[in-house]
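Where a number appears in this text, it was derived from the coordinates with a stated rule and is not lab data. Everything numeric here is computed off the predicted structure, so don't read it as measured data. Positions of Cβ are generated from backbone atoms using ideal geometry, with glycine treated the same way; all protein chains shown enter the neighbour counts.
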Amino acid sequence: MELKMIELKERRSQPEGMHQLLAKEIEELNFRLENLGRIGAMITSILDIDTILSVLLEVSLQIVDGEVGGILIMENGKLMPKIAMGLETEYTNEWRVKGRGSLLEILMAQNEVICLENAEDELETDNDKMNIRSLIAAPVSSKGDTIGAIVIANKTDGQRFGAKDVSNLATLIHFTAVAIDNAKLVQLKLEKQQMDHELYLAEQVQAALLPRKIVEIPGIVCNSTYIPARQIGGDYFDIIIKDEKHFAIVIGDVTSKGIPAALIMSAVRSMIRTEYRNGKPVDGIINSVNQLMCEDSERTGGRYVTLFYGHIDLNEMTFQFINAGHPPPFLIRRGNDELIMLNSPGTIVGQFPEFRFASGSVILKRGDRILFYTDGAFECFDSKGSMLGWRNFTEIIKKHKNLKPSEYLKQISVDLESYMFDKDKVDDTTLLVLDLMQ
């Protein structure tokens with residue numbers, strides 16, 4: 001500041017012509033600042049990052065009177081060409097400043113505007129046809145991180161880039177950083193709004209698909225519970241009653257989240273209900289569903305479903321079932337500590353069209369209890385990041401096995417939820433229990 005005051009005093013001591021020159025410089029400075037202010041307001045009002053970068057390049061060429069230019073964006077740790085106006089930016093990674101190294105590496109390291117007034121003597125481009133006489137470049141940042149760079153070559157009037165150009169470009173880069181930060185914040189807000197809306201829709205679809213009330217079957221007590229994660233998954237269960245002595249039960253999990261999971265869940269539910277009411281046997285139903293899902297794999301995005309499907313005949317006291325890649329339910333006999341896993345040879349549904357599912361079966365007794373569940377029941381984590389796991393889950397099941405039907409799932413749910421430290425890191429959990437009353 002002291003130096004500038006001395007210069008000002010010296011100029012005032014000069015003839016009248018010098019006063020006029022000073023007045024003109026001040027007028028030009030005010031005009032430049034006013035223009036930059038308007039440009040900054042325009043750039044910071046844009047909410048699309050690609051548009052911001054395009055405007056930055058166009059305006060920068062005008063402000064510094066540049067002939068050609070380009071913008072590069074950081075991808076996988078390397079600056080790659082994004083936008084070009086007359087400049088072959090694909091070659092910029094090969095440019096080297098004599099005695100100093102790669103131009104772009106220097107730019108990233110210094111994190112400030114670089115000006116090579118005599119680029120023809122300072123820059124090695126390996127391309128004589130480019131005829132770069134003078135060059136100015138600057139990093140483009142967002143929240144302190146370099147996300148790209150702008151490179152401009154040659155002034156249209158044949159002059160060299162200088163201090164004024166460096167200052168102007170630095171100001172534009174500052175406005176651009178603010179604009180990009182704003183655009184990212186707006187984008188995050190829009191994405192959150194979209195996610196919240198999809199979450200709401202998924203919740204509505206899932207709520208519509210799950211049974212609204214406990215089914216009433218003579219001699220059977222049925223209880224269910226659903227422990228949601230913050231991100232709605234693809235859990236579902238269904239009980240389809242044919243008559244008082246025959247009914248089907250299904251529990252499944254779609255490998256997806258949100259709306260896609262809800263839509264696939266809805267389709268699978270409809271297919272199973274239709275096939276069951278058409279009188280198909282257990283293996284025929286799951287083979288048909290698998291075939292239909294495989295045929296529709298392009299629209300489902302290759303997603304698949306784990307399913308456990310079974311049919312109970314209370315006249316014969318038989319339970320015929322197919323396990324298609326789902327965690328096997330447990331059959332709990334009264335007075336017996338053993339947990340009998342209900343399993344059958346099978347795989348996931350929707351991936352292998354040639355696979356043929358075969359059913360398994362078990363004889364039921366009055367007093368039996370069958371627990372169905374999804375993988376969220378044992379794939380939950382505590383505050384230390386330790387997963388509950390299969391063994392601990394089975395211990396919880398055994399601990400409460402003698403409780404009455406109304407209390408059984410309630411206590412299991414309490415134990416599971418006390419273990420779930422962060423619901424952002426867990427899957428949703430469905431529990432369903434059938435008690436064959438004596």
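Taken as Cα centroids, segment 249-287 and segment 374-415 sit 26 Å apart, rounded to the nearest whole angstrom.
Ranked by how many other Cβ atoms sit within 10 Å of their own Cβ, fewest first, the residues M42, M74 fall in the order M42, M74. In this structure the amide hydrogen of G234, modeled in the peptide plane, comes within under 5 Å of the amide hydrogens of V254, S256, none closer than 5 places in sequence on its chain. Here is the list for segment 337-380: GluC sites (Glu not before Pro) lying in DSSP coil, each with at most 13 other C-beta atoms within 10 angstrom of its C-beta, are E338, E354.
Counting other Cβ atoms within 10 Å as a rough exposure proxy, the listed residues W390, W95 run W390, W95 from fewest neighbours to most.
Phi angles across segment 324-330 convert, under the Karplus curve 6.51 cos²θ - 1.76 cosθ + 1.60 with θ = phi - 60°, into 3J(HN,Hα) values of 9, x, 9, x, x, x, 10 Hz, Gly and Pro given as x.
Relative to the longest principal axis of the Cα atoms of the chain, the long axis of helix 163-209 makes an angle of roughly 10 degrees.
When F352, F161 are ordered from fewest to most other Cβ atoms inside 10 Å of their Cβ, what list results?
Details: F352 12, F161 27.
In order of increasing Cβ crowding within 10 Å: F352, F161.
For segment 91-161, which GluC sites (Glu not before Pro) are both in a DSSP coil and crowded by at most 15 other Cβ atoms within 10 Å?
Values: sites: E94, E105, E112, E117, E120, E122, E124; in loops: E112, E117.
Answer in residue order: E112.
In degrees, nearest 10, range 0 to 90: what is the angle between the Cα axis of helix 282-295 and the longest Cα principal axis of the chain? With both axes taken from Cα atoms, the answer is about 20 degrees.
The stretch between Q110 and E124, if pulled fully straight at 0.36 nm per residue, gains 3.1 nm over its current Cα-Cα span.
Might you report the magnitude of the Cβ-based charge dipole of segment 210-436 about its Cα centre, with Lys and Arg at +1 and Asp and Glu at -1, to the nearest 20 debye?
Numbers: 27 positive and 29 negative charges, 87 e Å.
My answer is approximately 420 debye.
Amide H contacts under 5 Å for T146: none, restricted to partners 5 or more places along the chain or on a different chain, H placed in the peptide plane at 1.01 Å from N. In order along segment 263-278, phi translates into HN-Hα couplings of 5, 5, 4, 4, 5, 5, 4, 5, 4, 5, 4, 5, 5, 5, 6, 7 Hz, rounded to whole numbers, per the Karplus curve 6.51 cos²θ - 1.76 cosθ + 1.60 with θ = phi - 60° and x for Gly and Pro.
Measure nothing fancy, just the Cα-based angle from helix 16-44's long axis to the longest principal axis of the chain, in degrees from 0 to 90, nearest 10. Computed tilt is about 10 degrees.
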